[in-house]
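> I'd like to ask some things about the structure below.
Here, each number is a calculation from the coordinates, and none is a lab measurement. No experiment lies behind these values; they were computed from the predicted model shown. Quick reminder, even Gly has a Cβ in these numbers, built from the backbone with ideal geometry, and neighbours come from all protein chains shown.
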């Protein structure tokens, strides 16, 4: 399980310059990719997007690419033929003018045309390959950070699931007693209002009322959803949407539990359940 919130920066030094990728991801319902790069690097944008899609399943990702071609990208070439011609010319001058000042090698290098610059033979394909290689390293670093954050979220959610399980267990323990007390109170109320009623009719009415207050199915569904959430927290892959759906279902059951509550204790427990579910839902928004 991974978080959608992370940051990564990778810088690679090459013979011809420097490449750097800066990646930042935040939560988003779907995958959205925004890349910033200079116009002369646009040819690598589509391959970069495809590589990102292979590594990131969901979230908003912003990537910034910088490529700096340094002086190392330029090589120097000495025109030996021209140097030989200069040396011969200097020797000829010195024969005629023995007192002429000797030229140093540095003076010769300063002569126009002796020292020539040549641009690196780095091709666009080689540059793009280097850029994509650097991006791959940045994506690996980003996913490692997303994984660490995901583990932290899983621990938080596991703690809240345990607390929610305790609330559900409390509902299970209280409900039979609460239902019995509720049924007895109904019986006394009916007898007070209508006197001695037909025993069959009485039990029929009580059964109908008790059925409306029955929360057995809600408890079972709460338990089923909690078990599934716990399983997903240890599952690799994209689980964020599934967890978000389960939070909606848990909240639905907690609301029904509250509306059917026949005891103040059950009402309070349903409120506690909804608070925990909402806290979990907020954390789950960051899960891929």
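> Looking at the chain, send over the antiparallel percent of its DSSP beta bridges, to the nearest 5.
80
> If you fit an axis through the alpha-carbon atoms of helix 45-55 and take the longest principal axis of the Cα set of the chain, what angle between them do you get, 0 to 90°, nearest 10?
40
> Need the full-extension length gain, residue 43 to residue 96, defined as separation in residues times 0.36 nm minus the C-alpha distance. One decimal, nm.
Stretched out fully, the residue 43 to residue 96 stretch lengthens by 13.0 nm.
> If you don't mind, there's one more thing I want to ask. Which length gain, in nm to one decimal place, applies between residue 64 and residue 256 when the Cα-Cα distance is subtracted from 0.36 nm times their residue separation?
In short, 64.3 nm is gained.
> Follow-up. Tell me, in nm to one decimal, what length is gained between residue 151 and residue 50 on full extension, where the rule is 0.36 nm per residue of separation less the Cα-Cα distance?
33.7 nm
> Here is a further query. Rank by packing, highest mean first: peptides 274-287, 228-241, with packing defined as the count of other Cβ atoms within 10 Å averaged across residues.
In descending order of packing, they fall as 274-287, 228-241.
> Give me the base-10 log of I(q)/I(0) for the range 209-288 at each q in 0.13 Å⁻¹, Debye formula, one uniform scatterer per Cα, rounded to two decimals.
-0.42
> Just from its helices, what would the mean residue ellipticity at 222 nm be for the chain, if runs of 4 or more DSSP H residues each count -39500 (n - 2.57) and the sum is divided by every residue, rounded to the nearest 500 deg cm²/dmol?
Helix contribution divided over all residues of the chain: -21500 deg cm²/dmol.
> Under a point spin-label approximation (7 Å from Cα along Cα-to-Cβ), what is the residue 241-residue 228 distance to one decimal in nm?
Label-label distance for residue 241 and residue 228, simple model: 1.5 nm.
> Here's something else I'd like to know. When you count, for each residue, the other Cβ atoms within 10 Å and take the mean per peptide, how do 84-96, 53-65 rank with the highest first?
The packing order, highest mean first, is 53-65, 84-96.
> Quick one: Debye curve from the alpha-carbon atoms of the chain only, equal weights, vacuum; give me log10 I(q)/I(0) at q = 0.07, 0.08, 0.11, 0.13 Å⁻¹ to two decimals.
Rounded to two decimals, the profile gives -0.54, -0.62, -0.82, -0.94.
> Can you grab the distance from the C-alpha centre of the range 217-255 to the C-alpha centre of the range 126-193, Å, no decimals?
A separation of 7 Å, based on Cα centres.
> Please compute the modelled spin-label separation between residue 85 and residue 15, points set 7 Å along Cα→Cβ, answer in nm with one decimal.
3.0
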